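Have a look at the structure below, then the notes.
The values are calculated or read from the model by the stated rules, or taken from the named source; none is laboratory data. From a predicted model like this one, the values you see are computed outputs, not experimental measurements. Using ideal geometry, Cβ is built from the backbone for each residue, glycine included, and neighbour counts are taken over all protein chains shown.
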Amino acid sequence: MLSAQAVPALLTRLSQSLPSTIPQSRYLLPLLVSTTLGKGSLFLPSCLSLAYKDLPATPSPVPTEPFDPREDERLHPRRWVSRLMKESLVSSILIGVPKAIETLLELEELVEEGNKSKSYVRRDLEGRESTFEQRSTAGREGLGTVYQGNIEEIFTKFREGGLEDVRKSTKPFRPDSPLLGSGSCS
């Protein structure tokens with residue numbers, strides 16, 4: 001059994017072996033794999049520490065969140081990182097990893113308020129091809145098949161936990177919707 005004290009050393013070694021062309025992989029990949037295996041709680045604090053390791057401190061005052069969340073990579077790197085982690089966990093929920101919901105809620109507790117991203121990545125998709133209500137209904141039906149009727153309880157927990165943007169992003173999901181990176185806002 002892996003102890004919480006051993007996780008930082010494991011992540012350091014793992015991050016050194018991952019391709020440097022995708023720097024986010026050093027913390028996103030371990031977070032997603034550990035979450036999928038039901039160990040997200042054990043890895044999350046260390047993944048967040050690793051992600052913040054080389055970033056500047058939280059700016060003071062905290063800048064307003066930009067319309068295009070990608071601008072935060074330059075304006076507020078810690079908020080950008082928390083957004084990437086959040087979006088990656090949401091993506092794993094969408095492909096059927098329910099344990100990611102628990103890790104996502106824990107991420108919201110660990111990230112300091114000034115570093116949280118409230119961006120709604122798929123807002124660009126609203127108004128295309130169908131109404132939000134149509135996508136919302138289709139998304140709810142699809143998620144209902146994955147979570148076998150527990151989806152209302154999950155969405156209530158999101159609302160109560162301050163994750164309204166996650167609830168909105170999971171409902172209108174379509175398989176061809178972009179998930180991460182530069183394509184998510186285009």
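Only residues that are out of contact with any helix residue (DSSP H, G or I) (no Cβ under 7 Å at 6 or more places or on another chain) and either within 18 Å of residue 84 (Cβ to Cβ) or not in a loop (DSSP other than H, G, I, E, B) (or both) were counted across the range 1-15, and they come to 4. Applying the condition of being touching a Cys at 6+ places or on another chain (Cβ under 7 Å) and not acidic (Asp, Glu) to the range 34-70 and asking which residue is nearest to residue 108 (Cα to Cα) yields 69. The listed residues are 84, 143, and the only one of them that is buried (at least 17 other Cβ atoms within 10 Å of the Cβ), assigned to a helix (DSSP H, G or I) and either polar (S, T, N, Q) or at pLDDT below 75 (or both) turns out to be 143.
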